[in-house]
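Notes follow the structure.
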Amino acid sequence: MTGTLAADGVSFAYPAPRFSRGGVHGPRRIGTLHNISLHLAPGTSTALVGSSGSGKSTLVRILLALAKPSAGAVALGVREVKPGPARSLRWYRQAVQYIPQNPAGSLDPRMTVAQLLGEPLRQLRVAGNHRALVAEALERIEVPAGLMERRSGELSGGQNQRVAIARALAVQPAYLLADEPVSGLDLPLRDTVLSLLSSLVREEGLGLLLVTHDLGTAARMSGTTAVLAHGRIVEHGPTHRVLDSPGSPEAAALVQASAALHFPPAVPAGAAP
Amino acid sequence: MPGGTAFVKVTVSRVLALVALVALIGMMPWLSGRGAEYTILRARYSDREPTPEALAAVRAELGLEQGPLPLFVSWIRGVFAGDLGTSWISNTPVAPGIASALSISVTLMAFALAAAAIIALLLCTPAVRDGLRQRRRPASGALSAALTSLPEFLLAAMLLVAGAVWLQWFPPFGWKGPEYAVLPALSLGIPAGGLIGLLMSDAIRAGFAEQWVGTWRMSGAGPVRLSAAVLRRALPAVLPQIGLVLIGLTGGAVAVEKVYAIPGLGRALLGAASAQDIPTLQAGMLALMGLALLVGTLTTAARYLLIGPAVRFGTLPLAEPPRPGNRRQLALPAAAGITLLLVVGAGLLRDPFTSDHARIAAPGWSLPFGADASGRDLLARVGHGAVGTLGTALVVVLACLAVGIVVGLFPLAAAGPLEVANAAPPILAGLVVAALSGPSAHGAAVAVAAVSWAPLAAHTAALAQEARAQPYVQILPVLGVGRARIMFRYVLPAVAWPLLRHAMLRLPGVALALAALGFLGLGPQQPSPEWGLILAEGIGYVERAPWAVLAPASALVLASVVAVGLAGAGHPARFFARNSAGAVPPPGTNVAPEHVQAPAGVR
């Protein structure tokens, strides 16, 4: 039984490059995250929104135990998680999986779909029949079984993206961190993938963290939304509240930009070139 | 680049490499083992029998019994006190001879640098002219490539035939006045100047293509100002390689001084190596190392002055300069390769060992290349020599590939040894190995391999760095894949094929290095038909039988043309353009050294 996936008081800073320190008075470290606390529970979906450069990717890296926070900690249930050798993190990797931005690029072009999906199962020592797990994961995400022996270069962009999602799901994680998982997909496929993810959350108790800059997706998928700006969580609460009455200028700007994108003002007649 | 750990690693590695090099030089008497005792016994006490007692007496006299460390300590103490030891052969202090030889070599080097500068300048002129006229065309580079392709020992032999024997414009041997320096300086300066010119004109063309040039032009910068600015822009990227070329001159000088009988440091070292006079060799190596350090420091300082704080430490030297290649440029190497194959094929059918022809018989129908001084068929010797030289080269290249891959996967820790190996000319390595274990084909191969792995390691490092930055490698930790498996299952397959290709491209170059050692007597011995050795045998008869030099020399020229042609065709962009599947990460060889950095994927 896995408990909550929690980041508590996480900060992240890296040493300033030597030449930009500006002598003894310049900053020694540059901070990108400040005192972030974020709790994910099984069977819930949380959206993490923020403009680029707000620290979303760094937070995800810390949650994935790829980077060590300079303060604070990440824990799954009662066990604290830190970057370390692959062997010591197996339990965590099986519990927390990841769909990267540009999932197609995350597939080794030399490996077949079957190899790609089998690798984490083998490396994480997942129990069960791996072939069956692979087939099941592919079926769930509507990748024809006939593609098992193809390589990523022989698949379409959408197929590649689904393979990457299937790879994360094949190990049957309790939590899934998805970094813009549908950004490269066409609308019908986007719908399929999002429906699948929400049914996993509802029916199988998956805990989902959806990193996105699209508030529409956030509204559809997640009951809770956290808005990240300049390395701080400036807003955290029920999604509808964040969207309807944003309490911070950064969140308001995001909402406004998103609305302008979805409902552009009509072009006045005759103004078109 | 986060933190100073990379800088610390590189610095520590550099210091350790330097210490190891000095230690190697200091321990040479011990490393030379039993051979040394016999050498001294023969040299100094030719009347004594090599009985165990006599050998023990020699050991005691040399202090060899103390073991390597005390030997090294007493040597290094002496060095700091200005005492470089006593020659094992002549039993006189080493320092004065080395000092006078060094002064001659430095003079020769100055002449060579002048020649190289003039040649490089001439080669850069078209690039500057094109740039000022705003014409953008790819560098043809054919002339520079031709100049670069000839190793110094070969060029020296050919210039000797042409300038001193046929034209009789210059004296063939000796060191008595400025006219004696012309041919040797050209032999050293032509390949060096050719290479520098090639690199510089590429950099100048790239400089003129940059956007700021247009801005400057529009604000009314004149041609002189513009050329000066572009030169200033182009120079820093090329400076490290110019430094390497200059250090490489010391190796070439050994061959050139031998050919022209110049009493410089190179010839002194060669004599010391073949006589196993270790103290003289130690002193000479130390002098050369000092020279190399000086050149390295000067080029680094010059780079800092030119681009200031924009220089971040270049952890790796460049694997190979980018060369544009096209089909037309492949025609010449291909023709050279086919000719070489025909010659070798014809030669292999003939007998290289029996002396059944007249001594130095002139070429004719039955004897196309003539006969050598022992009446052996030169065509047969050149043909069979190809097999020996190229076969050894293949083994050397594969060994270098293995070492290069292992070292290249740990680029920061290996930075120091890499720089040393990259800078050390094979001829100097050959001198050391020959002095320690006696000249042999085996030793020559070891020597060439010891310094030839560096470009492959640098290439491995660059490719591995890019492979590690690929998203499909970056995600692996999340999938539970451990470090070792990432390295062997993912990174290695991604880099293996381009590396194998690169290694094969180095084959002719390695063959030439082996031939250079053979030429100097540091490689295979008589009667093996080895290209360098055949050339060395012929050079004594150059006035009466030029064909004895021409036959092996033309084979070597053909091999050189193939070598440079392959290096040009090996421009990775062409390879990757053909492999459009994207199965392999883009190449890392053709980036400026500033861009070859510690892993960029780790942020």
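The values are calculated or read from the model by the stated rules, or taken from the named source; none is laboratory data. Predicted model, so just to flag it, every value in this text is computed and none were measured. Heads up, the Cβs are rebuilt from the backbone with ideal geometry, glycines too, and the neighbour counts pull from every protein chain shown.
In table form, for the structure just shown:
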{"item": "Residue check, A:ALA137 within 14 Å of another protein chain (Cβ to nearest Cβ), within 18 Å of the chain's Cα centre (by Cα) and assigned to a helix (DSSP H, G or I)", "result": "no"}
{"item": "Lone unmet requirement of (1) within 24 Å of A:ALA132 (Cβ to Cβ); (2) within 14 Å of chain B (Cβ to nearest Cβ) for A:PRO144", "result": "(2)"}
{"item": "Filter pass, B:GLU49 being of a type in the set (D, E, K, R) and either in contact with a strand residue (DSSP E or B) (Cβ under 9 Å, 6 or more places away or on another chain) or assigned to a helix (DSSP H, G or I) (or both)", "result": "no"}
{"item": "Leading residue by the ranking (surrounded by the fewest Cβ atoms within 10 Å (Cβ to Cβ)) among those in the stretch A:62-85 that are more than 9 Å from chain B (Cβ to nearest Cβ) and within 14 Å of the chain's Cα centre (by Cα)", "result": "A:ILE62"}
{"item": "Members of the stretch B:440-464 that are polar (S, T, N, Q) and buried (at least 24 other Cβ atoms within 10 Å of the Cβ)", "result": "B:SER452, B:THR460"}
{"item": "Matching residues, the stretch A:168-193, being touching a strand residue (DSSP E or B) at 6+ places or on another chain (Cβ under 8 Å) and of a type outside the set (Gly, Ala, Ser)", "result": "A:LEU169, A:VAL171, A:PRO173, A:TYR175, A:LEU176, A:LEU177, A:ASP179, A:GLU180, A:PRO181"}
{"item": "Residue list for the stretch B:270-287, restricted to those being buried (at least 24 other Cβ atoms within 10 Å of the Cβ) and within 15 Å of B:SER103 (Cβ to Cβ)", "result": "B:ALA283, B:GLY284"}
{"item": "Pairs with Cβ under 8 Å, 6+ apart, first in the stretch B:115-128 and in the same structural domain as B:ALA206 (by TED's automatic domain parsing), second buried (at least 18 other Cβ atoms within 10 Å of the Cβ) and of a type in the set (Ser, Thr, Tyr)", "result": "B:LEU123/B:SER144; B:LEU123/B:SER201; B:CYS124/B:SER201; B:PRO126/B:SER201; B:ALA127/B:SER201; B:VAL128/B:SER227"}
{"item": "Qualifying residue in the stretch B:497-509 (condition: farther than 20 Å from B:VAL396 by Cβ, assigned to a helix (DSSP H, G or I) and of a type outside the set (Val, Ile, Thr))", "result": "yes"}
{"item": "Residues (assigned to a helix (DSSP H, G or I) and without any contact (Cβ under 8 Å) to a residue 40 or more places away in the chain) located in the stretch B:199-212", "result": "B:ALA203, B:ALA206, B:GLN211, B:TRP212"}
{"item": "Pairs with Cβ under 6 Å, 6+ apart, first in the stretch B:482-507 and closer than 22 Å to A:ALA86 by Cα and within 11 Å of another protein chain (Cβ to nearest Cβ), second outside any helix (DSSP H, G or I) and modelled with pLDDT under 85", "result": "B:ALA494/B:PRO585"}
{"item": "Lone qualifier among B:VAL473, B:VAL491, B:VAL432 - being part of a helix (DSSP H, G or I) and out of contact with any helix residue (DSSP H, G or I) (no Cβ under 6 Å at 6 or more places or on another chain)", "result": "B:VAL432"}
{"item": "Scan of the stretch B:48-73 for residues that are more than 16 Å from B:SER32 (Cβ to Cβ) and polar (S, T, N, Q), ordered by number", "result": "B:THR51"}
{"item": "Qualifying residue in the stretch A:129-149 (condition: in contact with a strand residue (DSSP E or B) (Cβ under 9 Å, 6 or more places away or on another chain), charged (D, E, K, R) and surrounded by fewer than 17 Cβ atoms within 10 Å (Cβ to Cβ))", "result": "yes"}
{"item": "Qualifying positions in the stretch B:41-88 - at pLDDT below 75 and buried (at least 18 other Cβ atoms within 10 Å of the Cβ)", "result": "B:LEU41, B:LEU62, B:LEU64"}
{"item": "Hits in the stretch A:163-190 - residues which are within 13 Å of chain B (Cβ to nearest Cβ) and under 21 Å from A:THR112 (Cα atoms)", "result": "A:VAL163, A:ALA164, A:ILE165, A:ALA166, A:ARG167, A:ALA168, A:LEU169, A:ALA170, A:VAL171"}
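For every residue, the table says whether it meets (1) within 13 Å of chain B (Cβ to nearest Cβ); (2) under 21 Å from the mean Cα position of the chain (by Cα).
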residue	(1), (2)
A:ARG87	yes, no
A:TYR92	yes, yes
A:GLN101	yes, yes
A:LEU117	yes, yes
A:ARG131	no, no
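Residue-wise test of (1) crowded, with 24+ Cβ neighbours inside 10 Å; (2) hydrophobic (A, V, I, L, M, F, W, C); (3) in contact with a Lys or Arg (Cβ under 9 Å, 6 or more places away or on another chain).
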position: B:THR389; (1), (2), (3): yes, no, no
position: B:ALA393; (1), (2), (3): yes, yes, yes
position: B:LEU398; (1), (2), (3): no, yes, no
position: B:LEU418; (1), (2), (3): yes, yes, no
position: B:ASN422; (1), (2), (3): no, no, no
position: B:LEU428; (1), (2), (3): yes, yes, no
position: B:SER437; (1), (2), (3): no, no, no
